[in-house]
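The values are calculated or read from the model by the stated rules, or taken from the named source; none is laboratory data. Since the structure is predicted, the reported quantities are computational estimates derived from the model, not experimental observations. Heads up, the Cβs are rebuilt from the backbone with ideal geometry, glycines too, and the neighbour counts pull from every protein chain shown. Just the protein is used for accessible areas: all its heavy atoms, side chains included, with ligands, DNA and RNA removed. Shrake-Rupley method; radii C 1.70, N 1.55, O 1.52, S 1.80 Å.
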Amino acid sequence: MARLPYLEADQVAPEYRDMLKRNTNLHKLLVNSPDMARAFSGIGGYIRFRSKLDPRLRELAILQVGWMEKSEYEFTHHVRIGQEFGVTDQDIAGMMAETEGKPSALEPLASAILKGAREMVRELAMSDSTFAAIKRELSDEHMTDLVLTIAFYCAVVRVLATMKIDNEPTYKEVLQQYPIPGVN
């Protein structure tokens, strides 16, 4: 059960009701601080719709964060979002294998990005060697977007966990195909 209320449109000032167009528990809780919710959504919107980083690679990085942090909400939501941007079942299986230290069929850039995300979750920062491997393939702009995307979603999973935001039932079915170890 969430630690703060989920607000509906009629409980929010009219100028903030657009914040609830994505009818998710995350957005319903964040509008308890509508200006912060707008700032949060601005960063998330940039990442999703305006970043020039390849969207499949972006979503794989986000999925890696959700998987590593055992964030049911984040992982299940981004499985669906990732599928919209070209993430396949084979990509997700590859991410899960690589997380366990097993080989996968993922291309080298995707593998390096997943490794970088794992390092940022576990070690706070990407190692020099992982950063250099990714940088050989990405521009400075893409590297900046990638690092900020991973960092942002490290923050998002902490918000979800601290606020105890409930996953919507329609997303729970994703766990049947991709059960997260240690998550009920």
For residues that are buried (at least 24 other Cβ atoms within 10 Å of the Cβ) and hydrophobic (A, V, I, L, M, F, W, C), tally how many sit in region 68-84. 1
Quickly run through region 128-143 and pick out the residues that are out of contact with any Gly (no Cβ under 8 Å at 6 or more places or on another chain), open to solvent by 40 Å² or more (accessible area, probe 1.4 Å) and not charged (D, E, K, R). Ser129, Ala132, Ser139, His142
Search result, residues across region 144-181 that are assigned to a helix (DSSP H, G or I), surrounded by 12 or more Cβ atoms within 10 Å (Cβ to Cβ), among the polar types (S, T, N, Q) and in contact (Cβ under 8 Å) with a residue 24 or more places away in the chain: Thr149
Can you give me the number of residues within region 96-106 that are loosely packed, with under 13 Cβ neighbours inside 10 Å, charged (D, E, K, R) and under 23 Å from Arg136 (Cβ atoms)? 0
Out of Leu4, Leu63, Leu30, report the one residue that is at pLDDT 95 or above, closer than 26 Å to Ser139 by Cβ and among the aliphatic types (A, V, I, L, M). Leu63
Taking the condition of being aliphatic (A, V, I, L, M), in contact with a helix residue (DSSP H, G or I) (Cβ under 6 Å, 6 or more places away or on another chain) and modelled with pLDDT under 95, how many residues in region 149-179 meet it? 1
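Looking at region 1-10, which of its residues are within 21 Å of Asn167 (Cα to Cα) and open to solvent by 50 Å² or more (accessible area, probe 1.4 Å)?
Within region 1-10, Met1, Arg3, Leu4, Pro5, Tyr6, Glu8 qualify.
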